[in-house]
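Below: the structure, in structure tokens.
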Amino acid sequence: MRVLGTAEARAADEATIAAGTPGIVLMERASEAVARECVRAIAASPLRGERIVVLSGTGNNGGDGFGAARLLRPSPAAGRVTVLLVGGREKVSGDAAEMPRRAEGEGVEVSEVEDAAGLEPLRSATLVIDALFGTGLSRPIDEGSLVDHAVRLASSRRAFVVAVDVPSGLDSGSGRADAPHVHADLTVTFGFPKLAHLLVPAAGSCGRVVVAGIGLVPGAGGTGAPEAVTAPDVAPAFPRRPAGAHKGSYGTLAVVGGASGMAGAAALAARAAFRTGVGKVVVVADEASRPAIHALVAEATTAGLLPGSGLTALAAGPGLGTSTVARGLLEACLATSLPVVLDADALNLLAGNPEVLRGRSSPTVLTPHPGEASRLLGVPTAAVGADPEGAAKRLATASGATVVLKGFRSVIASPEGRTARVLSGNPGMASGGSGDVLTGVVGALLARGLPAWEAAGAGAFLHGLAGDLARERLGEEALAASDVSGALAEAIQVVTESGQAP
């Protein structure tokens, strides 16, 4: 999905209204999306619903906030719902002017904020909806102003914060985050992601980003780069299963790894593959590791050597090691005509020599972190971090493989030069085993028959989304790879629900 700047986002709205959809209809659809995601967040932690405060501005973003408040008020998930209007009711105009009337007509409490005392409800809020400013903010928030005070209170981490379209104070058309702005746990944007959701450091203040369809006309906002992988992009990978489906319908993945002392890595990959819907998993592992793998993943079978038939894809690297035996297993994998995803020690065994992969005719995906990418390319890790898109493109060109360069807003690159950023994931996922989970997810999608680009993008997005959903329940500090794997089923459900037009 393409990513819009500020002017393109405005043009998308205008084109849709000009084509016959009234602005108030778009506003109601946006309000419904915000309310729906608030209910999901409350379901993950019910105490969030006790005291909901909507921080509303006078523009269309504020109108979305009023609409969300009206929809949440009768919800059994919500307790008290209050709207704080910053800027004066007389300044609310256009389509947004109708939304306060509708909200108050259905019993929503609205307070006009004239000074800092009027912001006191934010201190006790359990969930804050930030509807102050959207994509139309044209200048930074003045430090020391009433709005600055509101932004800081909203981001005090006492409440779960849901931003409408873009966290207030961020420039939607850039990655800047130096002015006062809201730090959101969740951002609900409409139609298309915006540059602020994608580019660091601004993206770090957006939390989980939901791209909600509101009926924007096809082609609205123009065309072109950059590109992001979002939930609606991934939804086609999971069509409804036919009644006659069986385990053979969804492929058989071999996870090649699990050397002595590293059974957990292979088990994490196998578990993630099952959670991504693959039919069968065979773990090719050291004899000493196989009992532990059976105990950790009861659904998997194990083997000492690569099976000669029956497989549809390979995932090599989790706990593989770098021994002579490991090298032989990797060579056996690369000699097959099967799709393969390579990570961890498989990449370390290829360090400085990614060109050996160019002769493969089957889909090949690499999932390095910056350190592994630096060893493959023979450049400093700092150089990869300074230009992740460039590094991913160079590695894809050199190897002839599709690359997932892991990190915050991971980069997908194809050998043909196409790139995209992954609009999911969070810093809590920076822990041991997280990469093994990604390997299993991508491997499962390859085994199910997806081409390399689709498997890489969908796998990286699902992995990041599962981490985001787990974080919303558990926080970042204690997040473990097994938590990410455990959230994959919910992530797939969220993705399939999102299969709608912009």
field: Odd one out for Val209 among (1) over 22 Å from the mean Cα position of the chain (by Cα); (2) at pLDDT 95 or above
entry: (1)
task: Would you be able to tell me the number of residues in the stretch 47-64 that are charged (D, E, K, R) and part of a loop (DSSP other than H, G, I, E, B)?
output: 1
query: Inside the stretch 270-290, can you point out the residues that are basic (Lys, Arg) and either in contact with a Phe, Trp or Tyr (Cβ under 8 Å, 6 or more places away or on another chain) or part of a helix (DSSP H, G or I) (or both)?
result: Arg271, Arg275, Arg290
query: Looking at (1) in contact with a Cys (Cβ under 9 Å, 6 or more places away or on another chain); (2) assigned to a loop (DSSP other than H, G, I, E, B), which is the only condition Gly352 fails?
result: (1)
message: Condition (residue is under 24 Å from Arg123 (Cα atoms), in contact (Cβ under 8 Å) with a residue 40 or more places away in the chain and assigned to a helix (DSSP H, G or I)) applied to the stretch 3-19: is it met by at least one residue?
response: no
Complete set of residues in the stretch 187-198 that are under 15 Å from Gly169 (Cα atoms) and in contact (Cβ under 8 Å) with a residue 60 or more places away in the chain: Lys194, Leu195, His197
- request: Could you please give the count of residues in the stretch 26-67 that are polar (S, T, N, Q) and either at pLDDT 95 or above or surrounded by fewer than 19 Cβ atoms within 10 Å (Cβ to Cβ) (or both)?
  value: 3
- line: Flagged pairs (Cβ under 7 angstrom, 6 or more apart or on separate chains; first in the stretch 72-100, at positive phi and assigned by TED's automatic domain parsing to the domain that holds Ala41; second in a strand (DSSP E or B) and of a type outside the set (Val, Ile, Thr)) are Gly88/Glu112
message: Return the pair list, or none, for Cβ contacts closer than 7 Å from residues in the stretch 237-249 that are closer than 14 Å to Gly449 by Cβ to residues that are hydrophobic (A, V, I, L, M, F, W, C) and part of a loop (DSSP other than H, G, I, E, B), at least 6 apart or on different chains.
response: Ala237/Leu450
message: Which residue is surrounded by the fewest Cβ atoms within 10 Å (Cβ to Cβ), if the candidates are limited to the stretch 291-338 and must be of a type in the set (D, E, K, R) and part of a helix (DSSP H, G or I)?
response: Glu331
Among (1) β-branched (Val, Ile, Thr); (2) over 28 Å from the mean Cα position of the chain (by Cα); (3) farther than 19 Å from Arg448 by Cα - the single one Thr301 does not satisfy: (3)
- prompt: When you scan the stretch 163-221, how many residues do you find that are among the β-branched types (Val, Ile, Thr), surrounded by fewer than 23 Cβ atoms within 10 Å (Cβ to Cβ) and closer than 22 Å to Arg471 by Cβ?
  reply: 1
message: Suppose we filter the stretch 358-375 for residues that are touching a strand residue (DSSP E or B) at 6+ places or on another chain (Cβ under 8 Å) and part of a helix (DSSP H, G or I); how many remain?
response: 2
query: Of the residues that sit in the stretch 454-494 and are charged (D, E, K, R) and not in a helix (DSSP H, G or I), which one is surrounded by the most Cβ atoms within 10 Å (Cβ to Cβ)?
result: Glu476
Test: Gly261 is at pLDDT 95 or above and not in a helix (DSSP H, G or I): yes
query: Just a yes or no: is a residue in the stretch 389-408 buried (at least 24 other Cβ atoms within 10 Å of the Cβ) and among the acidic types (Asp, Glu)?
result: no
message: Can you find a residue that is more than 14 Å from the chain's Cα centre (by Cα) and in the same structural domain as Val365 (by TED's automatic domain parsing) anywhere in the stretch 457-470?
response: no
task: Scan the stretch 1-25 for residues that are closer than 14 Å to Val211 by Cα, surrounded by 19 or more Cβ atoms within 10 Å (Cβ to Cβ) and out of contact with any helix residue (DSSP H, G or I) (no Cβ under 6 Å at 6 or more places or on another chain) and jot them down.
output: Leu4, Ala9
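The values are calculated or read from the model by the stated rules, or taken from the named source; none is laboratory data. Note that the structure is a prediction, hence the values are computed from the model and not measured. A quick note on method: Cβ atoms are made from the backbone with ideal geometry, for glycine too, and the neighbour counts reach across all protein chains shown.
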